[in-house]
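Okay, structure first, notes after.
Values quoted throughout were computed directly from the atomic coordinates according to the rules given, and no laboratory measurement underlies them. Please read these numbers as outputs of a predicted model, since none were measured by experiment. Glycine gets a Cβ as well: all are built from the backbone with ideal geometry, and neighbour counts include every protein chain shown.
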Amino acid sequence: MSDPREVTGTIFDFDETALHDGPGVRMTVYLKGCPLTCAWCHSPESQAAGPEIVWYETRCGQCGACVNACPQHIRRPGLIAAEDRARCTLCGACIEACPAGALEVKGRTVSAGEVADRASRLKPFFARTGGGVTITGGEPTAQPNFALAIATLCRDAGIHVALETCGLAPWETIESLAEVVDLWLYDLKLPDSASHEEYTGAGNEQIIENMRALIESGAEVLVRVPLIPEVNDDEGTIREIARLVAGVGARRIELLPFNPATGGKYSWLGLANPLPGARRQSPERVAQLEAVCAECGLGTGKDSEDDTSRAH
């Protein structure tokens, strides 16, 4: 790699006080682009690789200023129809014209050096809480050189690095990142490839093989399962996932309750909420599913959190 500080990539957000993306207080950096199209995606603005305009419906006064300002004559720059997206040049005219701040570009280019410098300013907080930097997305491995540069710079600065991944990437990409990543937050959605493809757009064979190889390499891996109502939150499916995870050598699993609030993000892109009415699983239900995982020999819940902290 050339100077890692000069490597650039596209991000859509930062969070300097994240508490659920690894041990301690984290600075989480969100990269754009993902090879999966999960039906329940909690960050639909992360899927496209490039910048895109989002529209905050609750702020919009329907004044029409954005329409009048658009040089491409797009009918509603704040809610771009699929046929108009190719014509949008992201010139920003509609954003500047909006008096309510209802429009924004999600996605901007930054250097790995900028990310590392921002993280370095937070080192006192990381030191007190056992935290660090978490690289997520989207899918970080979709921008492999950028993710590698961020992780390298942070690791060289003595900052703990976690990386969240869906696992759908060439093994060579995973292997190179494993040299500078301290903790892998490895998502697994469904146990069988046909269902995985139905709901995410891709099978899971490579995801499982990468998980197996990563664990065999000695990497610290925490498998995380987003619980999706009526998709994978029944005991039978969770038992299959737990057996699969234990079978590839993982020791820990974390079940992530569904977050219904993220459904509102779909309106930003002019899309319908894919799971209207879906509700978060109760703590009691999550505990029941964790017990299923524990029966398969996996650390869960608080035990899993403690193991993660010790890994740091």
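Dipole magnitude of the stretch 165-312 about its Cα centre, charges +1 at Lys/Arg Cβ and -1 at Asp/Glu Cβ only, in debye to the nearest 20?
480 debye
Label point 7 Å out from ARG285 along Cα-to-Cβ: which residues of the stretch 214-233 have amide N under 11 Å?
227-233
Roughly how big is the chain's charge dipole about its Cα centre, with Cβ charges of +1 (Lys, Arg) and -1 (Asp, Glu), in debye to the nearest 20?
Here the size comes out at about 940 debye.
Check which residues have an amide H placed less than 5 Å from ASP13's amide H, if you skip close sequence neighbours.
It is TYR30, by chain and number.
Using helices alone, I'd like the mean residue ellipticity at 222 nm for the chain: each DSSP H run of four-plus residues gives -39500 (n - 2.57), total over residue count, nearest 500. Provide the component values of the computation, followed by the final result.
Numbers: 13 runs with 112 residues, N = 312.
Value at 222 nm, helices only: -10000 deg cm²/dmol.
Which Cα, out of ALA93, ALA149, SER193, lies furthest along the positive dipole direction of the chain (beta carbon charges, K/R +1, D/E -1)?
Positive-end residue among those listed: ALA93.
What pairs from LYS32/LYS189; LYS123/LYS189; LYS32/LYS123; LYS32/LYS265 go past 23 Å between their alpha carbons?
Values: LYS32/LYS189 20 Å; LYS123/LYS189 33 Å; LYS32/LYS123 25 Å; LYS32/LYS265 15 Å.
Beyond 23 Å: LYS123/LYS189; LYS32/LYS123.
How high is the FRET efficiency from GLU96 to GLN62, r the C-beta distance, R0 22 Å, rounded to 0.05? The partial results should precede the final answer.
Values: r = 18 Å, r/R0 = 0.82.
With R0 = 22 Å, the Cβ-Cβ based efficiency is 0.75.
Among SER111, TYR56, CYS166, whose Cα sits farthest toward the positive end of the charge dipole of the chain (+1 at Cβ of Lys/Arg, -1 at Cβ of Asp/Glu, about the Cα centre)?
Final value for the positive-end residue is TYR56.
Across bins of 5 angstrom width beginning at 0, how are the C-alpha pair distances of the stretch 155-310 distributed, in whole percent?
Binned Cα distances yield the sequence 2, 9, 17, 20, 20, 16, 11, 6, 1, 0.
Sorted by average packing, counted as other Cβ atoms within 10 angstrom per residue and highest first, what order do 103-112, 19-28, 122-131 take? Don't skip to the end; give the middle numbers.
On the way: 103-112: 18.7, 19-28: 21.1, 122-131: 16.0.
Ranking the peptides 103-112, 19-28, 122-131 by packing returns 19-28, 103-112, 122-131.
Place the peptides 235-248, 281-294 in order of packing, highest mean first, counting for every residue the other Cβ atoms within 10 Å and averaging per peptide.
Descending mean neighbour count gives 235-248, 281-294.
Below 8 Å, C-alpha to C-alpha, sequence gap of six or more: please give me the relative contact order for the chain in percent. Walk me through the numbers before you get to the answer.
On the way: 604 pairs, mean separation 60.6, N = 312.
So the answer I get is 19 percent.
How much space per residue, in cubic angstrom, does the convex hull of the C-alpha atoms of the chain take up?
Taking only Cα atoms, the chain has a hull volume of 139 Å³ per residue.
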